[in-house]
Amino acid sequence: MAKVYIKTYGCQMNERDSEQVARMLVERGHLITPHENEADVVLLNTCSVRDLAEQKALGKMGMLGALSRQRPVVYGFLGCMAQSRGESLFKEIPHLDLVVGTQKFHRVAEYVENALARKAGPRMDDVRFSIVDVEEEPDSQGSIRDHLLSERQVTAFVSIMQGCNMRCTFCIVPFTRGHERSRPIDQIVDEVKRLVDRGIREVTLLGQIVNLYGRHEFPKMDGRSPFVQLLEAVNAVDGLDRIRFTSPHPIGFRKDLVEAFRSLPKLVEHVHLPLQSGSDRILRAMHRTYTAEKYLKLVDEIRAITPEMAMTTDIIVGFPGETDEDFQSTKALVDRVGFDNAFVFKYSKRKDTPAAGMLDQVPDRIKEERNQELLALVNDWARRRNAGFIGREVEILCEGPSKTNPARLMGRTRGNKIVVFEEASHQIGQLLNIRITRASGYTLYGEPVLVNPAALPAFDKVTVRPLAKEHVSGCGTASCLGRDKASGDVGETRPYRREPTEIGNR
Ligand code: SAM
């Protein structure tokens, strides 16, 4: 039995992949530890979307090399950076043992055991032992399907597809995650049912371009895309309260999906709709295939159906050739939409992407200035949106103790706003009505609205559902809270994360 430390960089999809790896290791008798110092195995699940994420993972792996001075330790890079850099990583990190790509997460446990056995055997210093597996794997999209839930976990991510066929000129993802491949609807629904049986009340469906789910594999039915068909099927799962999804692309966000927000009661009122830029010239150069006007038309259509819809987005500042005028167009669009939150990224050159070779790269100083300016506007809108909740009653799903003050509880509204309140812990996993009394930038504070106690079920019925055998205390995926000062990004309603998280550190 080995103690395995897994650290995840990047998005929710990476968190989900790490959870699958952790689950497989636990099934084989290993222990997931949140403490790097006691680890026999160190696995860093990497992100390649920006250079900063890669540098952080490289720095961390370099630093953890010191652990093997005391005992044999197996070191592995998993995921996107492993996929894009492959074998070359052994040159940068001489103590590295494993490099496992994005279609091979299901092989990690076996490779780890192989490496452990080799390290435990007689030393053969002249033979370098290493495993690299960055090949394509048919049906790998179906291999991310098991969960390692923490005690009282009530929300879970469900990976519905892998890969991306878009060719955004800034983005490395199509190179690291391969082409779009989707799982069948019945497999996904089965997974959701199993999650509900284990106490999960809310699922977030994950895909690189989630609304394009199934377009190569499954037909449209009565004008409804495969993604909308999937939403309908998940909506029909008994015991599930809420469905989220991330991230869609404005292209392919059609009327059937807009309508689904009206017709499917479990589909919550939150859309994370990456904008990237408000300038048509830059959108063209990014190969985003929509204009600012089309984006706004879509926002208006969504709001016409669901006026209370929370809208969040991704924006890149300092894309090659971005002038001050282009940037002003982005600010104007942000102001027009009034996003609840936005992740602002400074453009980062990525290997083999068309934008990396563009001649008119924007200086770092200007990127930083635009980043700060846009964040100020985003923060201002977030404050205004949150202030509008004061005095209102909102429904939240209680997730557990607040991260900043464990004496209080936190939950999220259907619009993905964090709400902190004081109450007894038996309400974890319950939908509660909270009256909002105060709002800060990204957090709402309030008091539970008292209902007639006679109308409440008996105490034992409001406790969190019993945990199935497979629950493992302290392990699972983490939601991201708070402000990411290092990157200048904000967000408690973070659909995309870039600070590392650790399995076992929920
Ligand atoms: N579904 C999303 C979309 O519609 O494009 C893609 C998700 S991507 C992994 C997350 C975000 O990272 C993108 O929306 C984009 O804002 C940001 N991003 C991607 N490549 C980047 C780069 N080279 N530099 C800075 N930000 C980048």
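The values are calculated or read from the model by the stated rules, or taken from the named source; none is laboratory data. In this text the structure is predicted, and so the values were computed from the model without any measurement. Please note: Cβ atoms are built from the backbone with ideal geometry, for glycine as well, and neighbour counts cover all protein chains shown. Keep in mind that these areas ignore ligands, DNA and RNA; they rest on the heavy atoms of the full protein, side chains included. Shrake-Rupley method; radii C 1.70, N 1.55, O 1.52, S 1.80 Å.
Quick look at the numbers
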| read-out | value |
| --- | --- |
| Close pairs from the range 42-55: first of a type in the set (Lys, Arg), partner within 9 Å of the ligand (Cβ to nearest atom), Cβ under 7 Å, at least 6 apart | 50/345; 50/348 |
| Matching residues, the range 368-414, being touching a helix residue (DSSP H, G or I) at 6+ places or on another chain (Cβ under 9 Å), crowded, with 20+ Cβ neighbours inside 10 Å and outside any helix (DSSP H, G or I) | 398, 400, 409, 411 |
| Any chance residue 360 is at pLDDT 95 or above, outside any loop (DSSP other than H, G, I, E, B), charged (D, E, K, R) and open to solvent by 10 Å² or more (accessible area, probe 1.4 Å) | no |
| Some residue of the range 183-202 being within 16 Å of the ligand (Cβ to nearest atom) and open to solvent by less than 20 Å² (accessible area, probe 1.4 Å) | no |
| Identity of the residue in the range 127-168, away from the ligand (no atom under 16 Å from the Cβ) and small (Gly, Ala, Ser), that ends up nearest to residue 101 (Cα to Cα) | 140 |
| Residues that are within 14 Å of the ligand (Cβ to nearest atom) and either touching a helix residue (DSSP H, G or I) at 6+ places or on another chain (Cβ under 9 Å) or under 17 Å from residue 177 (Cβ atoms) (or both), drawn from the range 48-91 | 48, 49, 50, 53, 54, 79, 80, 81, 83, 84 |
| Checking residue 10 against (1) under 23 Å from residue 159 (Cα atoms); (2) open to solvent by 10 Å² or more (accessible area, probe 1.4 Å); (3) modelled with pLDDT under 95, the condition it does not meet | (2) |
| Per-region count, the range 212-247, residues buried (at least 21 other Cβ atoms within 10 Å of the Cβ), within 27 Å of residue 431 (Cα to Cα) and either among the polar types (S, T, N, Q) or in contact with a helix residue (DSSP H, G or I) (Cβ under 7 Å, 6 or more places away or on another chain) (or both) | 9 |
| Every residue from the range 199-244 that is β-branched (Val, Ile, Thr) and in contact with a strand residue (DSSP E or B) (Cβ under 8 Å, 6 or more places away or on another chain) | 200, 203, 204, 210, 234, 243 |
| Identity of the residue in the range 339-357, within 8 Å of the ligand (Cβ to nearest atom) and among the charged types (D, E, K, R), that ends up surrounded by the fewest Cβ atoms within 10 Å (Cβ to Cβ) | 349 |
| Any chance residue 329 is more than 28 Å from residue 154 (Cβ to Cβ) and in contact with a helix residue (DSSP H, G or I) (Cβ under 6 Å, 6 or more places away or on another chain) | no |
| Filtered residues of the range 253-280 (kept if open to solvent by 40 Å² or more (accessible area, probe 1.4 Å) and within 16 Å of the ligand (Cβ to nearest atom)) | 254 |
| Close pairs (7 angstrom Cβ cut-off, 6 or more residues apart or separate chains): basic (Lys, Arg) and open to solvent by 10 Å² or more (accessible area, probe 1.4 Å) in the range 162-176, within 11 Å of the ligand (Cβ to nearest atom) and not in a loop (DSSP other than H, G, I, E, B) anywhere | 167/174 |
| Residue in the range 14-28 that is modelled with pLDDT of 95 or more, within 22 Å of the chain's Cα centre (by Cα) and open to solvent by 10 Å² or more (accessible area, probe 1.4 Å) present | yes |
| Test: residue in the range 85-97 that is part of a helix (DSSP H, G or I) and hydrophobic (A, V, I, L, M, F, W, C) | yes |
| Criterion violated by residue 283 - all others in (1) without any contact (Cβ under 8 Å) to a residue 60 or more places away in the chain; (2) of a type outside the set (Ser, Thr, Tyr); (3) open to solvent by 10 Å² or more (accessible area, probe 1.4 Å); (4) within 15 Å of the ligand (Cβ to nearest atom) satisfied | (3) |
| Residue pairs meeting the criteria (Cβ under 9 Å; at least 6 apart or on separate chains; first modelled with pLDDT of 90 or more, in the range 114-141; second open to solvent by 60 Å² or more (accessible area, probe 1.4 Å) and of a type in the set (S, T, N, Q)) | 131/114 |
| Boolean, residue 217 is within 13 Å of the ligand (Cβ to nearest atom), over 24 Å from residue 396 (Cα atoms) and without any contact (Cβ under 8 Å) to a residue 40 or more places away in the chain | no |
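Every residue, every condition in (1) more than 21 Å from residue 203 (Cα to Cα); (2) more than 16 Å from the ligand (Cβ to nearest atom), yes or no:
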| residue | (1), (2) |
| --- | --- |
| 366 | yes, no |
| 378 | yes, no |
| 382 | yes, yes |
| 421 | yes, yes |
| 429 | no, yes |
| 437 | yes, yes |
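Residue-by-condition table, conditions (1) over 18 Å from residue 134 (Cα atoms); (2) open to solvent by 10 Å² or more (accessible area, probe 1.4 Å):
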site	(1), (2)
30	yes, yes
36	yes, yes
39	yes, no
46	no, no
64	yes, no
68	yes, yes
77	no, no
94	yes, yes
